[in-house]
Amino acid sequence: MSFDHPDAILCPGGPMLIRGNHAVEDPDGVPHGTTRPVSAVCRCLKSSKLPWCDGTHKVLPADLRPA
Amino acid sequence: MGRGYKQVMKIPRPRGALTEVLFESLLTGSDVPSAPAGTDDADAALALWVLYELHHHGFDDVDDEREWDPDLLRLRAQLERDLEARLRERWAGPPSTGLFTETFFDWVAEQDGVSLAAHVHRDADRDQVLELLRVRSIYHLQESDPTAWVVPRLGVRSKAALMELQYDEYGNGDPNRLHHHLYALGMEASGLDASYGAYIDEAPLEVLEQNNAMSLFGLHRRFRGAALGHLAAFEATSSLPSRRMMQGLERLEFPAELVDYYAEHVEADAVHEQLAVRTICGSLLEEEPELEESVWFGAFTCLDLEDRFGRLMLDRWLSAGSAAERKDVA
C-alpha cells in the first residue's frame, strides 16, 4: 500500500506548504532558498518574513485570508 | 564550542514532606515513600518532575539504576493518577464543532488566554524577562523531547508526519540548529546558566505541571492522541507570540542569540502548526478516529496550563509593580 505524499499542500486560509529544496521569489523578485524539509510559503502577502509565512493570516479578517 | 553547556544536574531542593523523603531515598537508597492524601500540590509536582527526569536527563547524584525501581514507579503512577484527575477536572470536554482539522485553528483563536508575549512586547522590564527565561528554561531546554516518546506508538502515516516535524525541531541533522540548543545559546548570551534544570528551584507549580503533563502524555501509549493534540496546540500558539517576544527582546536590547531563537520559531512554527494539525493529527485521526477526544484533551491541556502560567507571572509582576509604585508615593 502506498500513501499520498504531495510536494505541495494548500492550507485553507493559510500558507502553501512545499517539501524539498526550492528557491521562492518574494514580491520584489528576490529569490529565497528553503532551509528546512517543509517550508510554508505566504499566500496572504502580509507576512513580515516574505516569502515565508509568519502566521499573520490568522489575524486577518476572514475575507482577506487566502482561499 | 567544545562540549557545550553541562547536561548533568543535581537533585533539587525539596518543597515539602514528600520530596524531603523521596529525595533522601534517591540519594541514599532509603525506603521510597508514598504520597499521603493532602500532599501539597507543588511538593507532588516536583516529586513527579524528578521521577520523570530519571527517564530523561537523570541526576548526577542518583544511581541510573533507579530509573526502573518498582517502588519509584509505583509512586510515579500514584502521582500521575492525581495529575490526570486534576487535568481532566479542568476540561469541559471536546467542542461539538465538526472535524478536528477543519475547526482547530478557529477553536484556538477562540481561547482567550493571557499573553506573556504581549507583556514582553511592550511592557516587561529586563528583570521580568530574565525571570521568564529562567523558569521557561525547564521547558525550552528539552522542547520536544517528551513528544519523541510517541513516535514508536504511531501508525505509518502519522509516524512519518511526526518525524517530518521533529527532524526540523532537532535541527535537520545540524546540532547548531537544534531548537533547545538555540535556547541554551540565547540563555548563555544573556548571562544565564544554560545547564538543564539549573533553575528548577525557581520553577513555580504551573511550570512543573506544564512539563509533567508533556511527560505524562509522552510516556504513556494511551495518551498518544493527547500528546499530539498538545503538540498541535503548542505549535498553533507559537508563531505570532514568538514575533512579539522578538520585538520585546529587541526593545530591551537582549543579545542577538536570544532574538534568533524566537526568530527561528516565527518561521518554523508557521510550518509546524500546519503540519501538526493537518498531517500529524489529521493522519492520526484517519488511522485511529477513536482518539479524537484524547487529541482535544491534550490541546485543551496545553492552552489551559499556559494560561495558568501566564496569569501567575502577570499577577506577580503587576502586584510587584503596584507595590513599588506605593513605595514611590510613600
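The values are calculated or read from the model by the stated rules, or taken from the named source; none is laboratory data. Given the structure is predicted, the values throughout are model-derived calculations rather than measurements. No Cβ is skipped: glycine too gets one built from the backbone with ideal geometry, and neighbour counts run over all protein chains shown. We work out accessible area using only protein heavy atoms, side chains counted, and drop any ligands, DNA or RNA first. Shrake-Rupley method; radii C 1.70, N 1.55, O 1.52, S 1.80 Å.
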**Complete:** Of the residues in the range A:15-46, those that are facing chain B (nearest Cβ under 8 Å) and either in contact (Cβ under 8 Å) with a residue 24 or more places away in the chain or surrounded by 18 or more Cβ atoms within 10 Å (Cβ to Cβ) (or both) come to A:PRO15, A:LEU17, A:ARG36, A:VAL38, A:SER39, A:ALA40
**Residues of the range B:104-113 satisfying the condition of being over 14 Å from B:ASP304 (Cβ atoms) and either outside the structural domain of B:LEU240 (by TED's automatic domain parsing) or touching a residue at least 60 places away in the same chain (Cβ under 8 Å) (or both)** = B:PHE104, B:PHE105
**Prompt:** Of all residues in the range A:4-14, which are open to solvent by 90 Å² or more (accessible area, probe 1.4 Å), touching a strand residue (DSSP E or B) at 6+ places or on another chain (Cβ under 6 Å) and within 12 Å of chain B (Cβ to nearest Cβ)?
**Reply:** A:LEU10
**B:GLU188 vs. criteria open to solvent by 10 Å² or more (accessible area, probe 1.4 Å), within 13 Å of chain A (Cβ to nearest Cβ), part of a helix (DSSP H, G or I) and more than 22 Å from B:GLY113 (Cβ to Cβ)** = no
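Residues checked against (1) within 22 Å of B:MET214 (Cα to Cα); (2) touching a His at 6+ places or on another chain (Cβ under 7 Å); (3) part of a helix (DSSP H, G or I); (4) open to solvent by 80 Å² or more (accessible area, probe 1.4 Å):
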position: B:GLU84; (1), (2), (3), (4): yes, no, yes, no
position: B:TRP91; (1), (2), (3), (4): yes, no, no, no
position: B:SER96; (1), (2), (3), (4): no, no, no, yes
position: B:GLU102; (1), (2), (3), (4): no, no, yes, yes
position: B:LEU130; (1), (2), (3), (4): no, no, yes, no
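If only one of B:GLU89, B:GLU53 is of a type in the set (Asp, Glu) and over 27 Å from B:GLY197 (Cβ atoms), which one is it?
So the residue among B:GLU89, B:GLU53 that is of a type in the set (Asp, Glu) and over 27 Å from B:GLY197 (Cβ atoms) is B:GLU89.
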**Fill in**
Subset of the range A:47-59, residues small (Gly, Ala, Ser) and open to solvent by 30 Å² or more (accessible area, probe 1.4 Å), comes to A:SER48
